[in-house]
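Working notes, beginning with the structure itself.
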Amino acid sequence: MFYSVPHRGSPLADFKTPITARSIELLEISKDCALVLSLQERWLRATSVTRPAVRSLVETTRTLMSVLWLRIVSVHSADAGIGGLYGVSVDHREICKPSSRHCMLYKELLNLMETALNKCRCQ
């Protein structure tokens with residue numbers, strides 16, 4: 001399960017203005033940077049044989065950052081290249097940290113884990 005993971009980086013890392021202060025973590029995931037693309041390629045190779053059940057969720061609502069409403073992870077970058085990609089109408093903060101065990105984001109993760117465990121038991 002991926003919660004708005006930028007598999008191809010984030011264009012926000014390339015913004016250089018006083019308003020958009022960039023953290024070290026953001027600088028490390030600039031759009032199409034070699035490190036991020038290498039990690040994505042290695043992920044695809046590692047999963048090519050087993051083809052695990054993967055769900056990628058991406059926020060569809062912009063996130064308020066200081067005074068700007070921004071899209072943190074694009075739909076294109078959130079696509080893991082394997083499994084399903086689903087848009088969720090929450091912002092980046094909400095998608096990265098499910099609010100409770102009753103939240104759809106948490107239930108989806110639990111469902112995916114149960115499916116994987118049941119698959120292991122059957123083999």
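The values are calculated or read from the model by the stated rules, or taken from the named source; none is laboratory data. These numbers come from a predicted model, not from an experiment. A quick note on method: Cβ atoms are made from the backbone with ideal geometry, for glycine too, and the neighbour counts reach across all protein chains shown.
The test for being out of contact with any helix residue (DSSP H, G or I) (no Cβ under 9 Å at 6 or more places or on another chain), surrounded by 15 or more Cβ atoms within 10 Å (Cβ to Cβ) and without any contact (Cβ under 8 Å) to a residue 60 or more places away in the chain holds for residue 47. In the range 59-70, what residues are in contact (Cβ under 8 Å) with a residue 40 or more places away in the chain and part of a loop (DSSP other than H, G, I, E, B)? Within the range 59-70, 66, 67 qualify.
Looking across 105, 57, 39, 35, one residue alone is at pLDDT 90 or above and surrounded by fewer than 17 Cβ atoms within 10 Å (Cβ to Cβ). It is 39. For the range 60-70, filtering for residues that are of a type outside the set (S, T, N, Q) and surrounded by 18 or more Cβ atoms within 10 Å (Cβ to Cβ) leaves 0. Return yes when residue 114 is closer than 25 Å to residue 26 by Cβ and acidic (Asp, Glu) and no when it is not. No; evaluated as a whole, the condition is false for this residue.
All conditions but one from (1) under 27 Å from residue 84 (Cβ atoms); (2) part of a loop (DSSP other than H, G, I, E, B) apply to residue 56; the one that does not is (2). The residues in the range 74-95 that are farther than 30 Å from residue 120 by Cβ, in contact (Cβ under 8 Å) with a residue 40 or more places away in the chain and buried (at least 17 other Cβ atoms within 10 Å of the Cβ) can be counted, and the count is 3. Per this entry, residue 73 is not counted among residues that are more than 14 Å from the chain's Cα centre (by Cα) and either part of a strand (DSSP E or B) or hydrophobic (A, V, I, L, M, F, W, C) (or both). Residues that are surrounded by 13 or more Cβ atoms within 10 Å (Cβ to Cβ), at pLDDT below 85, outside any helix (DSSP H, G or I) and not basic (Lys, Arg) within the range 5-27 comprise 10, 15, 20, listed in sequence order.
Checking each residue in the range 40-53 for being part of a helix (DSSP H, G or I), farther than 13 Å from residue 7 by Cβ and either basic (Lys, Arg) or touching a strand residue (DSSP E or B) at 6+ places or on another chain (Cβ under 8 Å) (or both) picks out only 45.
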